[in-house]
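The values are calculated or read from the model by the stated rules, or taken from the named source; none is laboratory data. Here the structure is a predicted model, which means the values were calculated and not measured. Every residue, glycine among them, receives a Cβ derived from its backbone with ideal geometry; neighbour counts consider all protein chains shown. Side chains are part of the model used for accessible areas, which takes the heavy atoms of the whole protein and leaves out ligands, DNA and RNA. Shrake-Rupley method; radii C 1.70, N 1.55, O 1.52, S 1.80 Å.
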Amino acid sequence: MPSIQKTFHVTKNDFIHAGEASIHVKNLLKSLNYVPDLVRRVAICGYEAEMNLVMHGGDGELSVDVNADRIIVDVIDHGQGIADVELAMQEGYSTAKDEYREMGFGAGMGLPNIKKNSDEMVITSEQGNGTHVKMVFFNKGLNV
Amino acid sequence: MKDEKGGPAHCFVHFESDLCTGCGHCIKRCPTKAIRVRNNKAVIRHSLCIGCGECIRICENGAITASTSELDSLHSDKITIALVSPVLYSQFPGVLPKDVLLGLKNMGFTHAVDMSYYFEMFQWATAEYISRNRKTGESPWPLISPVCPVVLRLIVCRFPSLLPHVHPIMRPVALMARDVMSQFKAHYKIEDHDILLYYINPCPSKMGIPKKELGQGGIHSTGALGINDIYAELSRQIKHTEKSDKIPFAQAGFEYEQCTSGGGLLWSMSGGEAEATGLDKTLAVAGLNETITYLEKIELGLFNDIEYIEFRTCREGCIGGALNAVDKYLAKSAALKMAKTLGVGTRLNRERVLRLYDSNWFFPKISPQELKKLGGKKEKTFSFDELRKIEEIVGIIDGKDCGACGSPDCRTFAEDILRGDASPHECVYLKIRGITDENILKKIKS
């Protein structure tokens, strides 16, 4: 089955360009004519993961692998890693710095929001070795 | 690509090929990539045009004009009614709105009706809808203002997932056209086709009001005139007055011509509509690029803590429309002064508005999905295989989006090649590297 892969670089603390990778992914899916609801879900999750990387991670990449059946988004960073993944998955839990909270981030809803909007989600993280968030979305209402 | 012939709903601009030098400035400005240069002349796909007027602004040769109506019919035996956007008043600094309306009548309109009354209607209905939506959750936040038709077409064309966010109340101009028609029909005891409505327009996007949008049908004819079309003649007709006596708010009645208010003038500027909602959680965004950036972000799930967003694709709001005669900053100064002179206030009977609200008077009989038919169609999408080939061609070109080929950027050029709308030899980058049509076409067929 033909598929398309793309990778975007995401830079730590770069709030000016934060979100651009997710917009690219969103527009790629639109040009492939996926149903709007699926595009919306991928966009929301991609953005949450991208912002996590900008705020907590280190420099890293957002990659997307698309075919007619499913969309896989991998967000990989080389930052400090998550100490307790289970705790991080709880709504309202956040380690965001005060300065980020002042910008309206850090409500502790990022990872739970990804969980809610994706069909499959796997986080692998090791303290000191970065984090890998893998999200899978199945294309049920095929429009491609 | 041929210059398509479209119906009135799909024909906002007109390209005069004799005046076009093929400079290509317009192809880069178009937000829906509807324009190409072919055989050294700009051509447009009307089906993709959303009527934003950016190409009119950028063209140095005056080759692009708005497709407005002809004024000839003013002196026919029909009743002609000007529907006046308050933007018009901002074009005549120091002149009272009632004198501008009088000037229109001197020009030959049977009646000139001010829109601010309908802005108030819209604003009441909006406040009501939002307060009910807090309980029902019928529409997702943020609601997107339906007032600027370019924004609606932009959403249909590029952001279809945001259609459920579009505020479902009828636009003030549509409320106005429907109401004015029925009031004057009853007054003169005549039929629809004996009345001609003309919308006096600051932008090319509102060329007539589609019957479908009015919901009730039966509107025989609505035309549109650009402010710049009538400016010279209207200036001659307006009697300047030194007196700046306040105009009393007329009660809802037949005296439309008296119904101007300062509030209406505020609507012509960015932020006026958001302010009029009286809500805290609102935003006002103006400018085409700014609007696109915000729509992109709403699609990422941002701004869901905002209840209502006013979008205008023209800088500074409607006073920045491409068909105005006076620069937006001068117009803004004039409008603010006049708003102060006239005073801002409301004059509607809330209970009457609520009765109308509950009788569904404010709701169009079309769903967001049907909005698609009102203009701004989506380009045909590509299959996976085609998209891979497009990516591959973009990689081979490895260009700088120069636009010399006549397409706005390398990617669109590659898409045009796949559509059979362009040939590889038109690209200077491919030519320099000696890559021929055959090399590329072989890749497409593989």
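Worth a mention:
- For the stretch B:257-336 versus the stretch A:1-49, the gap between their alpha-carbon centres in whole angstrom: 29
- Under 12 Å from A:LYS26, Cα to Cα: aspartates and glutamates that are on another chain or at least 8 residues apart: A:ASP37, B:GLU296, B:GLU299
- Sulfur and carbon atoms: percent of accessible area, the stretch B:122-199 [1.4 Å]: 52
- Surface burial for A against B, with a 1.4 Å probe and both sides summed, reaches about 1700 Å² of accessible area.
- Additional length obtainable on full extension of the chain from B:ASN39 to B:LEU330, 0.36 nm per residue less Cα span: 100.8 nm
- Counts of other chain beta carbons within 10 angstrom of each beta carbon in peptide B:381-393 average 3.
- Nearest-ten-degree value, helix A:20-31 long axis tilted from longest Cα axis of chain A: 10
- Here's the picture: a label point sits 7 Å out from the Cα of A:LYS6 along the beta-carbon direction, and within the stretch B:381-412 the residues with their amide nitrogen under 17 Å of it are B:381-399, B:401, B:409-412.
- Of the residues B:LEU279, A:GLY58, B:GLY399, the one whose Cα sits farthest towards the positive end of the charge dipole of the protein assembly as shown is B:LEU279 (charges of +1 on Lys and Arg Cβ, -1 on Asp and Glu Cβ, taken about the Cα centre).
- Take the protein assembly as shown with all the other protein chains still there, run a 1.4 Å probe, and you get 44 Å² of accessible area per residue.
- Heavy atoms of B:LEU71: accessible area, 1.4 Å probe, square angstrom to 10: 60
- Most positive-pole-ward Cα, B:GLY420, B:ILE432, B:PRO408, against dipole of the stretch B:380-446 from beta carbon charges: B:ILE432
- Most tightly packed first, judged by the mean number of other beta-carbon atoms within 10 Å of their residues, the peptides B:318-326, A:127-135, B:133-141 read B:318-326, A:127-135, B:133-141.
- Cα coordinate range in the protein assembly as shown, projected on the principal axes (Å, largest first): 76, 59, 40
- Distribution of pairwise C-alpha distances over the stretch B:380-446, 10 Å bins, in %: 22, 62, 15, 0
- Zone of B:ASP179's modelled label, taken as backbone nitrogen in the stretch B:85-124 under 13 Å from a point 7 Å along Cα→Cβ: B:113-124
- Taking only alpha carbon atoms, the stretch B:274-322 gives an Rg to Rh ratio of 1.00, where Rh is the Kirkwood radius.
- Against the main long axis of the alpha-carbon atoms of chain A, helix A:36-55 sits at an angle near 30°.
- Estimated at 0.36 nm per residue, the fully extended path between A:THR124 and A:GLU86 surpasses their Cα-Cα distance by 12.6 nm.
- Note on A:SER31/B:SER359: beta-carbon distance plugged into 1/(1 + (r/R0)^6) with R0 of 60 Å gives a FRET efficiency of 0.85.
- Other protein chain Cβ atoms within 10 Å, averaged over every residue that makes up B:292-304: 4
- Size descriptors for chain A, from the alpha-carbon set: Rg then Dmax equal 14.7, 47 Å.
- Distance violations [Cα-Cα > 19 Å] among B:LYS28/B:LYS431; A:LYS30/B:LYS33; B:LYS98/B:LYS337; A:LYS30/B:LYS297; B:LYS78/B:LYS105: B:LYS28/B:LYS431
- Dipole of the protein assembly as shown [Lys/Arg +1, Asp/Glu -1 at C-beta], most positive-end residue of B:ASN201, B:SER359, B:MET107: B:MET107
- Note on B:LYS340 and B:ILE306: with the Förster distance fixed at 45 Å, the Cβ-Cβ geometry gives a FRET efficiency of about 0.95.
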